[in-house]
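Peer 1: Here's a structure for you.
What follows is calculated from the coordinates using simple rules that are stated; it is not laboratory data. Keep in mind that this is a model prediction, so the values were computed, not measured. Cβ: placed from backbone, ideal geometry, glycine included. Neighbour counts: every protein chain shown.
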Amino acid sequence: MRLLLRIAAALCCLVPAGLALIVWDATGRAGWTRYHDPARAERDRAAASEGLGDLFEGAGLNEGRGGLAKIPNDFALGLGPSGPGKHAASVATIAGPALVAALYTLLPNRRQRAVVRAAAAESRG
């Protein structure tokens, strides 16, 4: 019965780790956690409407390269935290403690070893 309870407790500890990995995969598998920045989105909109990206289009400097890469400005749960506060949420900070708790539930405890030793000593006589 105790073994079954310990396995159930370990599974309950592993659920947050699995969910963190699912959210990480669903939000783009980022290395670091990032959040949407409304101020940056407004600056990007303003720069796109001004047309500064097309200023040197006729010069032939970017032929064959395509356009500039767009820097993502949406939420992504990363493998590691990107700073303190709300940026500390990451797969490592969610799954790490959950995995430690799961391992702790599966390790044999001292009281159980002491009971086994006492029972062995009694049987020897």
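Peer 1: Could you give each residue of segment 6-14 its phi-based ³J(HN,Hα) in whole Hz, using Karplus coefficients 6.51, -1.76, 1.60 with θ = phi - 60°, and x for Gly or Pro?
Peer 2: For segment 6-14, the Karplus curve yields 5, 5, 5, 5, 5, 5, 5, 6, 7 Hz.
Peer 1: If you don't mind, another one. Under a 5 Å amide H to amide H cut-off, with H placed in plane at 1.01 Å, what residues pair with Gly78 once short-range neighbours are removed?
Peer 2: Answer set, sorted by chain and number: Thr33, Arg34, Val91.
Peer 1: Taking the Cβ-Cβ separation of Leu79 and Ala41 as r and a Förster radius of 30 Å, what is the calculated FRET efficiency to the nearest 0.05?
Peer 2: E(calc), rounded to 0.05, equals 0.75.
Peer 1: Output ³J(HN,Hα) for segment 20-37: one whole-Hz value per residue in order, computed from phi by the Karplus curve 6.51 cos²θ - 1.76 cosθ + 1.60 with θ = phi - 60°, and x for Gly and Pro.
Peer 2: Taking θ as phi minus 60°, the curve returns 5, 5, 5, 5, 4, 5, 6, 9, x, 6, 7, x, 10, 5, 9, 10, 5, 10 Hz for segment 20-37.
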